[in-house]
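Pasting a structure below so you can have a look.
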Amino acid sequence: MMDAPVVVKGEGMKSPAAMIGTLLRRCAAVLMLAAAVFMWLWGWEFMVGGLVSTVDPGEIVNVSPLLPEYPGKAREACKVSPDLMPGTESYACFVTVEENAKNHMFWWYVAPRKKTEKKPKVLVWLQGGPGASSLFGMFSENGPYVINKDLTLRERPVSWSDEFGMLYIDNPVGTGFSYTETGQFCNDTKGQVADQLFEMLSQFYQIFPELASGADLYITGESYGGHYVTAFGHKIYREIKHNGCKFPFRGISLGNAWVDPLNQVQGYPDLMYNLGLVSGTEKAKIQEYCDASVNAILKEDYLDAFLVWDEMLNGDLYGYPNYFYNITGMKDYFNYLRTFSPEEINWFSEYVVQNHVRSAIHVGDRSFGHRSRDVEMALRRDFMKSFKPELDDLLTEGYKVLIYNGALDIIINSVLTERYVEKLVWPGAATYLKTGQTIWHKRGSKEVAGFVKQVGSFTRAVVRNAGHMVPYNQPDVALDLIHRFVHDIPFN
């Protein structure tokens, strides 16, 4: 029981304990008032049940109706407030990529922060999934800012956008902020997805004609982005060759990429066994899974091939814990040194749905889906198809190709990648097989960054101490890799 306040007769004074209590209550009141003012300034107010944003999410901006007649107005309409990312010039909005289906694609272009070239190289970034937002790459891997736990921003010490113009696209429709009004999700990467990306980029170049006239273009991405990047690059190549397209396309970059499942799937048993993740008994079971998936691919039963692989490892659509988790206890197959995925890589999905961010990037009240199940369901049959023929064509035509892996990845390890790389059909194939690797050091250091093989326009790299998301694990090394590739700088 607490003591009652003691009043000294004749003086009206409280006890020291009571005086301290009063002082603390007054301090608390002042702090609450200060906090309320601070939150109000940032667009929040206190209501019953918690904090409620007072910032309007703004209107959805789609600049397609302004094109091609009014590119200047379109550029102004999609300009992002500089208050959102200080020191960074960027543009974001929607464009319509398929009028009949009413499909609308969201993109966010970040201009290079260091104006070192009159015509900066432009890198398109496509996340994988399928159904993963490219804003993951922007905020968790290689963009100018990183998300803090309290959903504020801090500058990324090493960013691809320091040097390159970075175009992040939520692809395909249904992913991230991109949406369809009719529910017609893409089920064909080589057709629908590539066509919609081409239409999106065509409108982007109408807004930024100076980039279309000589600013070298590279299509980049990771994971299932191996499908997207290869298909999109091949689409551009065909349009240039057959239809007079003038895009300044120079090549593609594939990070830990899903390209040729027929060959890649067959690498899992030895990979997991040699890493010490499974015993011979589990290896035999994994072999059964892989054989079943491969046989389904050979029969062109791509859905069954996916479902078997999903049950074994991927676990996106399988209704129970996948086999890999059951035998290893590991939920993170992106890095075999970890049991669980790091929490911070997904903070961006909470950041981008805040009203002040929505208003700044012109998405209004559109829903945001970082990992769209609808998109993945639509592409299940596409998942296990090979994009190796398209890669063969790009190499044969002399386009630059970078294929890299983080050495610690499980789901798309370098061992799996090498299984199809060694089977690529192009003029330099025989030379590639005979060429030894180069030791690649970090800039200004004796520390080994990784290992590289280069033949003609083809660069193959393995990055040490990195998992599935190389720019996240090794940001300085990843930037050095893409810098050397784009600028044709040797790795020795």
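The values are calculated or read from the model by the stated rules, or taken from the named source; none is laboratory data. Fair warning: this is a prediction, and the values are worked out from it, not measured in the lab. Here the Cβ positions follow ideal geometry from the backbone for every residue, glycine too, while neighbour counts run over all protein chains shown.
Please go through (1) closer than 24 Å to A231 by Cα; (2) of a type in the set (A, V, I, L, M, F, W, C); (3) crowded, with 21+ Cβ neighbours inside 10 Å for A101 and return the number of the only condition it doesn't satisfy.
(3)
Now for a different question. Which residue, of F306, F324, is closer than 17 Å to M377 by Cα, at pLDDT 95 or above and not polar (S, T, N, Q)?
Values: F324 fails: closer than 17 Å to M377 by Cα.
Answer to the check: F306.
What tally of residues in segment 208-228 results from selecting those that are crowded, with 24+ Cβ neighbours inside 10 Å and farther than 29 Å from F334 by Cβ? Break it down stepwise before answering.
Filtering segment 208-228 for residues crowded, with 24+ Cβ neighbours inside 10 Å gives 218-228.
Checking the rest, the ones that are also farther than 29 Å from F334 by Cβ come to none.
Matching residues across segment 208-228 total 0.
Being buried (at least 24 other Cβ atoms within 10 Å of the Cβ) and part of a loop (DSSP other than H, G, I, E, B) is the requirement here; does G137 meet it?
Details: buried (at least 24 other Cβ atoms within 10 Å of the Cβ): yes; part of a loop (DSSP other than H, G, I, E, B): no.
No; evaluated as a whole, the condition is false for this residue.
Looking only at segment 327-367, filter to residues that are assigned to a helix (DSSP H, G or I) and of a type in the set (A, V, I, L, M); which one of those is farthest from A77 (Cα to Cα)? Steps first, please.
At the first step, the residues of segment 327-367 found to be assigned to a helix (DSSP H, G or I) are 327-328, 343-346, 348-351, 355-361.
Now narrow it down to the ones that are of a type in the set (A, V, I, L, M): 327, 345, 357, 360-361.
Values: I327: 53, I345: 30, V357: 16, A360: 11, I361: 10 Å.
Among those that are assigned to a helix (DSSP H, G or I) and of a type in the set (A, V, I, L, M), it is I327.
Now a separate question. For segment 148-162, give me each residue that is in contact with a helix residue (DSSP H, G or I) (Cβ under 8 Å, 6 or more places away or on another chain) and part of a loop (DSSP other than H, G, I, E, B).
Residues satisfying the conditions are K149, L151, R156, P157, V158, S159.
Looking at Y432, Y472, which one is of a type outside the set (D, E) and closer than 16 Å to N335 by Cβ?
None of the other options fit; the residue is Y472.
If the Cβ limit is 8 Å and pairs must be 6+ apart or interchain, which residue in segment 342-359 that is farther than 13 Å from K149 by Cα pairs with which residue that is among the acidic types (D, E)?
Here the result reads N355/D56; R358/D365; S359/D56, each pair linking segment 342-359 to a residue that is among the acidic types (D, E).
Give me the strands (runs of 3 or more DSSP E) completely within segment 414-492, filtered to those with at least 1 residues that are closer than 25 Å to E390 by Cβ, of a type outside the set (A, V, I, L, M) and in the same structural domain as G129 (by TED's automatic domain parsing), ordered by residue number. Steps first, answer last, please.
Numbers: elements: 438-441, 448-455, 458-463.
Once the strands (runs of 3 or more DSSP E) in segment 414-492 are filtered for at least 1 residues that are closer than 25 Å to E390 by Cβ, of a type outside the set (A, V, I, L, M) and in the same structural domain as G129 (by TED's automatic domain parsing), what remains is 448-455, 458-463.
Which of the residues that make up segment 67-100 are of a type in the set (A, V, I, L, M, F, W, C) and either touching a His at 6+ places or on another chain (Cβ under 6 Å) or under 13 Å from H362 (Cβ atoms) (or both)?
First, the residues of segment 67-100 that are of a type in the set (A, V, I, L, M, F, W, C): 67, 74, 77-78, 80, 84-85, 92-95, 97.
Of everything in segment 67-100, those that are of a type in the set (A, V, I, L, M, F, W, C) and either touching a His at 6+ places or on another chain (Cβ under 6 Å) or under 13 Å from H362 (Cβ atoms) (or both) turn out to be A74, A77, C78, V80, L84, A92, C93, F94, V95.
Of the conditions (1) at pLDDT below 95; (2) within 27 Å of V375 (Cβ to Cβ); (3) touching a strand residue (DSSP E or B) at 6+ places or on another chain (Cβ under 7 Å), P120 clears all except one; give me its number.
Condition not satisfied by P120: (2).
Now for a separate question. Kindly evaluate V193 against the criterion of being under 25 Å from G398 (Cα atoms), in contact with a Cys (Cβ under 7 Å, 6 or more places away or on another chain) and not in a strand (DSSP E or B). Outline the logic, then answer.
Working: under 25 Å from G398 (Cα atoms): yes; in contact with a Cys (Cβ under 7 Å, 6 or more places away or on another chain): yes; not in a strand (DSSP E or B): yes.
Answer is yes for this residue.
Taking segment 237-262 as the search range and keeping residues that are touching a helix residue (DSSP H, G or I) at 6+ places or on another chain (Cβ under 8 Å) and of a type in the set (S, T, N, Q), which one is farthest from S457 (Cα to Cα)?
N256
Give me a count of the residues in segment 214-232 that are touching a helix residue (DSSP H, G or I) at 6+ places or on another chain (Cβ under 9 Å), in a helix (DSSP H, G or I) and not small (G, A, S).
The qualifying residues number 4.
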